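None of the figures in this text is laboratory data; all of them are computed from the coordinates on show. Everything numeric here is computed off the predicted structure, so don't read it as measured data. Counting neighbours? That spans all protein chains shown, and the Cβs are built from the backbone with ideal geometry, glycine included.
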Amino acid sequence: MTDTAQTPEQDERVKEISSFRKALIRPELGGICGTVIVFLFFAIFAGNSGMFNSQGVLNWSTVSAQFMIIAVGACLLMIAGEFDLSVGSMIGFAGMMIAIFSVSLGWPVWLAIILAFLICMSIGALNGYIVIKTGLPSFIVTLAFLFILRGFTIFIPQQLENRTIIGGIADAAEGDWLAPLFGGQVGGWFFEFLGERGLIEVFERGTRAGEPVVDGIPMLIIWALVLVAFGHFLLTRTQFGNWIFAAGGDAEAARNSGVPVNAVKIKMFIMTAFCATVFATCQVMEFGSAAADRGILKEFEAIIAVVIGGALLTGGYGSVIGAALGALIFGVVQQGLFFTGVESSLFRVFLGVILLLAVILNTYIRRLITGER
Amino acid sequence: MTSEHAPIIEMRNIEKHFGSVIALAGVSVDVFPGECHCLLGDNGAGKSTFIKTMSGVHKPTAGEIMFEGKPMHFADPRDAISAGIATVHQHLAMIPLMSVSRNFFMGNEPVKKVGPLKLFDHDYANNVTMEEMRKMGINLRGPDQAVGTLSGGERQTVAIARAVHFGAKVLILDEPTSALGVRQTANVLATIDKVRKQGIAVVFITHNVRHALAVGDRFTVLNRGKTLGTAQRGQITPEELQDMMAGGQEMVALEGSLGGTV
Ligand SMILES: Nc1ncnc2c1ncn2[C@@H]1O[C@H](COP(=O)(O)OP(=O)(O)OP(=O)(O)O)[C@@H](O)[C@H]1O
Ligand SMILES: [Mg+2]
């Protein structure tokens, strides 16, 4: 029984698809279109408001980078088929742990940071373990941790210090070797160089006259870029990435095919906790303080960025690059409306519209790719 | 064939209870290398449950599994797959959202080492997938096509090709031909015959007596969680086999009652 009519390279039952269309049909398309629309919008309405000068760019880049850091964790976890609603509370909790260890207890900042990471990643693992062992939806389990962690974040500093904001971290971090990894800046020389050449603005008077207004890229942005690159690489290029897709696509089928589904899911909960702690550490180093109300609603913002980026809420499908674009849209819109001077409540309206459009487009694309009905 | 070889896998008095349901009440089956052992029986007889204990999906409630002469305790399907036991499950274990080649190698991804990194070797995966599917008589549009866009039979063929590719010692097929066209069915039966000749043990579940007789060396009939018996090829007529598959006596009783009333 031989096939004569068909060769694998040319199947008469497939229409020729132009390479342009092929390149277009990808999970990130919704995110790409959203990004283009948002930048066009602000180029028109806020073009000369300072949004696109060096300070303005740094402003919305920093905010977008914050969203990106938690979106990477949320994205990988969502593709693995789970949610973590405790991200926002964990941001508050991690920051408070750093403040308590370094300020209240007077321990070195590097130790405080490492302990915060260990504690939060253990809590992430616990979240995952409970989800796996009980079979409850992660939605419920992590909702419980949303309250538990927020409760501790308020309770502990109140017991120890009689207040819910702890400052003085900047002083404590002076000369610390680990703190600059989260609170520092890089590339200062490059901005000085640009400033000297008159390529970016410099201060005109005051003690810093002649210095560029932007004196470096915050480590926060570096973290965001590194995490996005890592997440994208992990997901698309490694064996583990295939397991993430499989675990979220159909846990039972994946297990029967030899994928260690439980381990994959628990690791992704740990990854999410790691991202939340990076966020918290950068924030604490930037503000020099920890407050009990930090991080509220961040879990939803992360999930929205991920969904704008083309991930399927039920798991098994998505893209880290898409999630990063979702975070960029989020940051640009939030800061951009501030630049245009529009009522900040409109931020929500605009975001809602973008979310809806992106998700409709994403769903359409996904059906094209996966044959879902 | 039976005396000179030792069985590669020997299941002794396997019991499996799901809460109060007794799905398997002591089933013993052994499979020899190079043999195609057909498991037959009614719906709900316990065939799928039985092969799932063999492939590490279920832990038996009681009973022993001997693999290559040694007691074996599979903690999960991964253990069974590493031991060389590959399975086509009745529900296929395919993920519709993922591409054919990602599905094909799910759990057994080919890795390419680049320094300390272990990368998924997509080129190798794509080539092997296309090649194995071609051998089964199906030309894929492309290895990156999502499984969700395949027809039921095409999906089943991917699952079979995958199991054949990874089933180094034992190949378990749970109703693999239920959705297949004539040409693909012939292909699957020919493939069973081919791998059997290579010394692989095949466990083949089917409701089709002709398919069973075409490739089977021995036939074990399950009924309500128990074995009705095992027959060698040539010791049993198709009619007898068909009767046993339908539950033997119950079929007769049913005919009797129908005849009596209608
Ligand atoms: N996970 C489970 N929980 C409870 N009962 C189960 C479970 N799996 C199987 N059973 C029961 O065990 C019995 C045997 O089921 P099984 O799937 O093994 O049958 P089968 O022989 O493969 O049938 P079919 O020919 O329809 O595929 C059935 O009565 C079924 O209801
Ligand atoms: Mg079955």
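What the table shows:
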item: Pair B:Thr237, A:Arg163: separation of 7 Å Cα→Cβ label points (nm); result: 9.7
item: Structure-based [θ]222 nm, the protein assembly as shown - -39500 (n - 2.57) summed over DSSP H runs of at least 4, per residue, nearest 500; result: -17000 deg cm²/dmol
item: Percentage, to the nearest whole number, of Cα pairs in chain A over 36 Å apart; result: 29
item: Debye equation applied to the C-alpha atoms of region A:104-262, log10 I(q)/I(0) at 0.09, 0.18, 0.21 Å⁻¹; result: -0.56, -1.21, -1.34
item: Cβ-derived FRET efficiency at R0 45 Å, B:Arg210 paired with B:Asp144, nearest 0.05; result: 0.75
item: Length-normalised contact order for chain A - Cα pairs under 8 Å, 6+ apart - percent; result: 35
item: Alpha-carbon radius of gyration plus Dmax, which is the widest Cα pair, for region A:119-169 in Å; result: 14.0, 43
item: Surface/4 estimate of mean projected area, convex hull on alpha-carbon atoms of chain B, nm²; result: 16.9
item: Contour minus Cα-Cα distance for A:Glu174 and A:Val186 (0.36 nm per residue); result: 2.6 nm
item: A:Glu201 paired with A:Tyr364, simple spin-label distance in nm, labels 7 Å along Cα-to-beta-carbon; result: 4.0
item: Cβ-based exposure ranking for B:Glu15, B:Glu154, in which fewest neighbours within 10 Å come first; result: B:Glu15, B:Glu154
item: Amide H contacts of A:Val186 (H built 1.01 Å from N, under 5 Å, at least 5 apart or other chain); result: A:Ile217, A:Met219
item: Inter-centroid distance (Cα atoms) of region B:73-97 relative to region A:319-343, Å; result: 44
item: Isotropically averaged projected area of region A:16-134, using the convex hull of Cα atoms (one quarter of hull area), nm²; result: 12.8
item: B:Lys118-B:Arg224 FRET efficiency (beta carbon distance; Förster radius 51 Å; 0.05 resolution); result: 0.60
item: Cα-based Rg and Dmax for region A:79-196, where Dmax is the largest Cα-Cα distance (Å); result: 17.8, 61
item: Compactness relative to 2.2 N^0.38 Å, alpha carbon Rg of region B:33-79; result: 1.24
item: Order of A:Asp84, B:Asp76, B:Asp144 under a 10 Å beta carbon neighbour criterion, fewest first; result: B:Asp144, B:Asp76, A:Asp84
item: Directionally averaged projected area (convex hull, Cα atoms, the protein assembly as shown), nm²; result: 38.3
item: Two-decimal ratio, region B:1-130, of alpha-carbon radius of gyration to 2.2 N^0.38 Å; result: 1.26
item: Semi-axis lengths (Å, descending) of the ellipsoid that matches the C-alpha gyration tensor of region A:237-350; result: 33, 19, 11
item: Values of log10 I(q)/I(0), in the order q = 0.12, 0.22, 0.28 Å⁻¹, for region B:91-145 under a Debye, Cα-only, solvent-free model; result: -0.29, -0.85, -1.16
item: Values of log10 I(q)/I(0), in the order q = 0.14 Å⁻¹, for region A:81-132 under a Debye, Cα-only, solvent-free model; result: -0.40
item: Positive minus negative residues near A:Gln185 (Lys, Arg vs Asp, Glu; Cβ under 14 Å); result: -4
item: Neighbourhood net charge (10 Å Cβ-Cβ; Lys/Arg +1, Asp/Glu -1) for B:Thr61; result: +1
item: Rh by Kirkwood over Cα pairs, then Stokes-Einstein D for region B:50-124 at 0.692 mPa s and 37 °C, µm²/s; result: 227
item: Other-chain or far-sequence residues with amide H under 5 Å of B:Thr87's (modelled H); result: B:Ile172
item: Rounded FRET efficiency, nearest 0.05, which uses the C-beta distance separating B:Val21 from A:Val342 and R0 of 51 Å; result: 0.20
item: Lysine pairs with alpha-carbon atoms under 28 Å apart, chain A, spacing 8 or more or separate chains; result: 5
item: Residue order, fewest to most beta carbons within 10 Å, for A:Val359, A:Val264, A:Val306; result: A:Val359, A:Val264, A:Val306
